[in-house]
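Take a look at the structure set out below.
The values are calculated or read from the model by the stated rules, or taken from the named source; none is laboratory data. Bear in mind the structure is a predicted one, so any value in this text is a computation, not a measurement. All Cβ positions, glycine included, derive from the backbone under ideal geometry; neighbour counts span all protein chains shown. For the accessible areas, the whole protein counts, side chains as well, though only heavy atoms, and no ligand, DNA or RNA atoms are used. Shrake-Rupley method; radii C 1.70, N 1.55, O 1.52, S 1.80 Å.
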Amino acid sequence: MVYLPRVKGIHPDYQNWRTSPDLSVLVPALTSTIVFGWSSLAVSLSLWSNLDIVRSLIGSIGCYLLMFGLVGLIPVPPLPARL
């Protein structure tokens, strides 16, 4: 979803995301899905596996750290030159 504005031909300024009509919707949506996904993964691991709540929290944190680390390896396309 972060690359979606670039597909549309828009080069967003992520530092001023609150003033952008596209990013002002996209950033809170991504943040809420990250929080909801992490907490539902932790609850699922604690309920339907042999892990207790502490180990399921550690496991879900590890999964999310791995995923964000892998996403960080995706190259960023260059910005167009500003005049």
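Tabulated data for the structure shown
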{"read-out": "With DNA, RNA and ligands ignored, accessible area of L41 (1.4 Å probe; Å², nearest 10)", "value": "50"}
{"read-out": "In nm, spacing of pseudo-spin labels at R6 and Y64 (7 Å Cα→C-beta vector)", "value": "2.5"}
{"read-out": "Residue (of Y14, S32, A81) at the positive-pole extreme of the chain, dipole from beta-carbon charges", "value": "A81"}
{"read-out": "Per residue solvent-accessible surface (Å²) - the chain, probe of 1.4 Å", "value": "80"}
{"read-out": "Rg/Rh ratio calculated on Cα atoms of the chain (Kirkwood radius)", "value": "1.12"}
